[in-house]
Amino acid sequence: MNSRDNDRQRFFTRRAALLAGGQLGLLTALVGRMYYLQVVESERYHMLAEENRINMRLLPPSRGRILDRFGVPVAVNQQNYRVLIKSENTPDVSAVLDRLAMIIPIDADEKARILKEIRRKKKFVPVTVREFLEWEDVARLEVNAPDLPGVTIDVGERRYYPNGIAAAHVLGYVGAPRREDLTGDPLLELPGFRIGRSGVERAFDKPLRGKAGASQLEVNAVGRVIRELDRQNGDAGRDVVLTMDLALQRSAMRHLGDESGSVVVMDVETGGLIVQASTPSFDPNAFTEGLSNSQWRALADNERAPLRNKAIAGEYAPGSTFKMIVALAALEEGVITADTSFFCPGYLELGDGKFHCWRRHGHGHVDLARSIAESCDVYYYEIARKVGIDKIAKMATRFGLGTDLALDVPGERSGLVPTKAWKRAVIGSPWVVGETLVAGIGQGFVLTTPLQLAIMTARMVNGGKEVLPHLARDVVQRGELAERAPVEPKSIGVNPRHLDVMMKAMAEVMEDPRGTAHAARIKVPGFSMAGKTGTAQVRRISLRERDGGVIKNQDLPWKFRDHALFVGYGPIEKPRYAISVVVEHGGGGSSVAAPIARDVMTETLERDPARLAPGADVAGLHGPARQGT
């Protein structure tokens with residue numbers, strides 16, 4: 001063998017060695033990688049495989065109930081029957097929807113929406129056709145099931161308010177979460193999940209929601225559910241127990257009737273709101289199911305504002321109900337005593353102007369008690385001028401007027417009690433004496449809410465304690481009992497003797513034959529009520545009207561009529577409840593608001609749990625309140 005052949009042999013030997021070494025290296029790397037994946041990382045990849053095989057789904061919890069003070073449910077959950085369609089089991093979706101439309105209404109827009117959703121989703125994923133089906137619809141669908149391939153009935157829950165409009169403003173309603181409501185909580189992203197939108201539903205939404213459960217499902221490679229492996233039910237939402245009395249709430253709504261107004265009744269010691277009625281109202285069940293554009297516009301454009309809770313958000317001049325605040329300011333400042341009197345000729349002159357009393361020819365000589373009982377305007381022109389607006393405002397604030405009362409449900413307005421500094425800052429001009437006179441009879445810039453008027457009255461008759469309003473008594477787990485721990489309110493710092501003077505004067509309003517509300521006094525034996533009427537003008541009365549009396553309030557267009565107001569408490573001997581009534585553009589407080597207050601207060605006293613003997617059966621209290629006196 002020559003040298004050339006030897007060189008060639010050595011070359012092929014080295015190549016074979018290099019190839020064998022490379023193959024050995026690759027085999028070593030492959031074995032090492034397999035060891036790493038199958039031994040070192042086995043747990044991780046086992047978990048990933050399980051995650052692909054097992055799907056976790058949230059189960060929405062049952063929303064907590066809302067109950068009145070006697071345990072009567074006012075917001076509950078009902079079964080929600082839904083019809084679904086699954087395209088993989090439906091040979092011709094359009095034809096099936098047409099057949100389905102012969103059983104339940106499906107218009108062209110709804111059909112287009114369903115078909116679009118079906119195209120977006122996988123074939124085995126069901127699409128909702130219609131919710132909130134009646135049982136009759138469900139029965140017809142079940143009978144026709146053989147002709148509706150791919151159509152199934154599903155059962156969920158929906159919020160239901162059994163009393164409809166009676167407590168709509170108090171309870172509020174629920175709706176689908178908006179974009180701004182999404183906080184990362186996956187529960188909020190579940191289809192059909194609802195959260196509180198207003199009222200108690202919104203204020204206590206989190207405890208009412210409860211805690212979600214979970215379902216562990218086995219799925220195949222494309223996500224189809226094979227079977228349920230495990231289920232953990234969540235915790236139902238907590239029940240919210242209100243201070244409201246449903247029967248009294250319904251009665252107050254009935255007494256208001258077709259008027260636009262509100263009634264507030266509260267416990268003067270605890271601040272618990274027994275009644276918070278506002279008319280006209282709306283059906284919260286319609287919001288649960290979804291309003292059409294025409295339904296929404298009918299509510300939003302109504303001049304009587306059915307969506308506004310007038311009890312806490314309606315702002316009105318308090319009229320003569322404010323006179324007690326002016327009187328207390330004068331008493332506290334030593335400007336007058338209970339025996340101070342002024343002569344009322346029917347007007348008071350200030351410069352070139354005249355400020356008139358509601359009684360054209362005046363009241364003659366009037367002391368403090370008679371000025372309240374007969375509501376003499378001139379008396380309050382006189383003392384308001386002597387006290388001044390800033391001291392009147394200070395007293396009003398002590399009684400909760402012009403302030404945020406921190407009610408436990410949203411929507412409260414704060415009203416307005418003006419001062420000299422307020423006018424200069426907001427309007428840019430100095431305060432004038434004439435504005436003090438007008439404020440002295442609860443007109444001008446002064447604005448209050450019915451809730452504030454009830455608080456004012458409660459603090460006046462409970463010994464001057466700074467009681468605050470609330471609607472929720474307890475938030476409890478279902479089946480538990482709990483009572484809110486009583487909190488002793490602090491004093492507002494008003495002389496008790498002066499408060500007694502006001503209470504006696506308010507009693508004369510109804511008990512004295514000359515009182516403005518004598519005709520509306522309670523005539524049921526054993527019951528009594530004191531109060532103060534008010535009439536608030538919403539327009540300036542011309543000199544021609546005042547002198548000639550050619551236009552009567554009831555002859556004016558609705559929006560130009562006076563507001564009718566009344567505040568009161570009962571019983572007279574030992575005050576337990578305060579009431580305020582405001583009827584928008586209703587006319588006179590004595591003729592319109594006082595009779596409503598009388599009827600509601602009578603029923604409130606009749607249903608007072610304190611009247612029952614210890615251990616007495618309260619079942620009868622759950623029934624409807626009396627129709628009236």
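So is residue 408 acidic (Asp, Glu), surrounded by fewer than 23 Cβ atoms within 10 Å (Cβ to Cβ) and closer than 30 Å to residue 243 by Cα or not?
In short, yes.
Do you know which residues across region 596-629 are at pLDDT 50 or above, surrounded by fewer than 19 Cβ atoms within 10 Å (Cβ to Cβ) and part of a helix (DSSP H, G or I)?
Answer for region 596-629, where residues must be at pLDDT 50 or above, surrounded by fewer than 19 Cβ atoms within 10 Å (Cβ to Cβ) and part of a helix (DSSP H, G or I): 606, 609, 610, 611.
Which of the residues belonging to region 114-133 are under 12 Å from residue 85 (Cβ atoms), basic (Lys, Arg) and outside any strand (DSSP E or B)?
121, 123
Which ones in region 431-453 are small (Gly, Ala, Ser) and in contact with a Pro (Cβ under 6 Å, 6 or more places away or on another chain)?
Of everything in region 431-453, just one residue is small (Gly, Ala, Ser) and in contact with a Pro (Cβ under 6 Å, 6 or more places away or on another chain), namely 442.
Name every residue in region 133-173 that is hydroxyl-bearing (Ser, Thr, Tyr) and open to solvent by 20 Å² or more (accessible area, probe 1.4 Å), in order of residue number.
Result: 152, 160, 173.
Do you know which residues across region 169-199 are at positive phi and at pLDDT 80 or above?
Within region 169-199, 172, 199 meet the criteria.
For the list (1) out of contact with any helix residue (DSSP H, G or I) (no Cβ under 9 Å at 6 or more places or on another chain); (2) closer than 16 Å to residue 458 by Cα; (3) surrounded by fewer than 24 Cβ atoms within 10 Å (Cβ to Cβ); (4) touching a residue at least 40 places away in the same chain (Cβ under 8 Å), I need the number of the one condition that residue 574 fails.
Unmet for residue 574, out of (1) out of contact with any helix residue (DSSP H, G or I) (no Cβ under 9 Å at 6 or more places or on another chain); (2) closer than 16 Å to residue 458 by Cα; (3) surrounded by fewer than 24 Cβ atoms within 10 Å (Cβ to Cβ); (4) touching a residue at least 40 places away in the same chain (Cβ under 8 Å): (4).
So which of 257, 290, 334 is open to solvent by 10 Å² or more (accessible area, probe 1.4 Å) and under 27 Å from residue 401 (Cβ atoms)?
Selected residue: 334, the only one of 257, 290, 334 that is open to solvent by 10 Å² or more (accessible area, probe 1.4 Å) and under 27 Å from residue 401 (Cβ atoms).
Limited to region 547-571, what total is found for residues that are open to solvent by 30 Å² or more (accessible area, probe 1.4 Å) and modelled with pLDDT of 95 or more?
Of the residues in region 547-571, 1 are open to solvent by 30 Å² or more (accessible area, probe 1.4 Å) and modelled with pLDDT of 95 or more.
Residue 184 - would you say it is over 26 Å from residue 299 (Cβ atoms) and in a loop (DSSP other than H, G, I, E, B)?
So residue 184 passes the test.
For residue 343, which of the numbered conditions (1) open to solvent by 60 Å² or more (accessible area, probe 1.4 Å); (2) among the hydrophobic types (A, V, I, L, M, F, W, C); (3) under 30 Å from residue 408 (Cβ atoms); (4) at pLDDT 95 or above fails to hold?
For residue 343, the failing item is (3).
Taking the options 61, 91, name whichever one is at pLDDT 80 or above, surrounded by 11 or more Cβ atoms within 10 Å (Cβ to Cβ) and not in a helix (DSSP H, G or I).
61
Among what's in region 200-211 and is outside any helix (DSSP H, G or I) and surrounded by 15 or more Cβ atoms within 10 Å (Cβ to Cβ), pick the residue that is modelled with the lowest pLDDT.
210
Test of understanding: among 481, 499, which residue is open to solvent by 80 Å² or more (accessible area, probe 1.4 Å), hydrophobic (A, V, I, L, M, F, W, C) and either at pLDDT below 95 or outside any strand (DSSP E or B) (or both)?
When all the criteria are applied, what remains is 481.
Is there a residue being within 16 Å of the chain's Cα centre (by Cα) and over 15 Å from residue 312 (Cα atoms) anywhere in region 257-264?
Scanning region 257-264, I find no residue that is within 16 Å of the chain's Cα centre (by Cα) and over 15 Å from residue 312 (Cα atoms), so the answer is no.
Quick check on this structure: which one of 130, 120 is over 13 Å from residue 152 (Cα atoms) and at pLDDT below 85?
120
How many of the residues in region 527-546 are open to solvent by 80 Å² or more (accessible area, probe 1.4 Å) and either at pLDDT 95 or above or of a type outside the set (Lys, Arg) (or both)?
Looking only at that region, the number is 1.
The conditions are (1) in contact (Cβ under 8 Å) with a residue 60 or more places away in the chain; (2) closer than 30 Å to residue 610 by Cα, and residue 279 fails exactly one of them. Which is it?
(1)
Quick one: count up the residues across region 186-212 that are acidic (Asp, Glu) and out of contact with any Pro (no Cβ under 9 Å at 6 or more places or on another chain).
Summing the residues that are acidic (Asp, Glu) and out of contact with any Pro (no Cβ under 9 Å at 6 or more places or on another chain) in region 186-212 gives 1.
Among the listed residues 441, 455, which satisfies the condition of being in contact with a helix residue (DSSP H, G or I) (Cβ under 7 Å, 6 or more places away or on another chain) and touching a residue at least 40 places away in the same chain (Cβ under 8 Å)?
Checking each option against the conditions leaves just 441.
When you scan region 447-470, how many residues do you find that are basic (Lys, Arg) and assigned to a helix (DSSP H, G or I)?
Number satisfying all stated conditions: 1.
Among the numbered criteria (1) open to solvent by 40 Å² or more (accessible area, probe 1.4 Å); (2) in a helix (DSSP H, G or I); (3) farther than 30 Å from residue 247 by Cα, which one does residue 298 miss?
The failed condition is (3).
Looking at the structure I just gave you, is residue 353 open to solvent by less than 10 Å² (accessible area, probe 1.4 Å) and touching a helix residue (DSSP H, G or I) at 6+ places or on another chain (Cβ under 9 Å)?
no
What is the number of the single condition among (1) open to solvent by 50 Å² or more (accessible area, probe 1.4 Å); (2) within 33 Å of the chain's Cα centre (by Cα) that residue 430 does not meet?
Of (1) open to solvent by 50 Å² or more (accessible area, probe 1.4 Å); (2) within 33 Å of the chain's Cα centre (by Cα), only one is false for residue 430: (2).
The values are calculated or read from the model by the stated rules, or taken from the named source; none is laboratory data. Note that the structure is predicted; figures quoted are calculated from it, not measured. Reconstructed Cβ throughout: ideal geometry from the backbone, glycine too, with neighbour counts over all protein chains shown. What goes into the accessible areas is simple: the full protein's heavy atoms, side chains included, and nothing from ligands, DNA or RNA. Shrake-Rupley method; radii C 1.70, N 1.55, O 1.52, S 1.80 Å.
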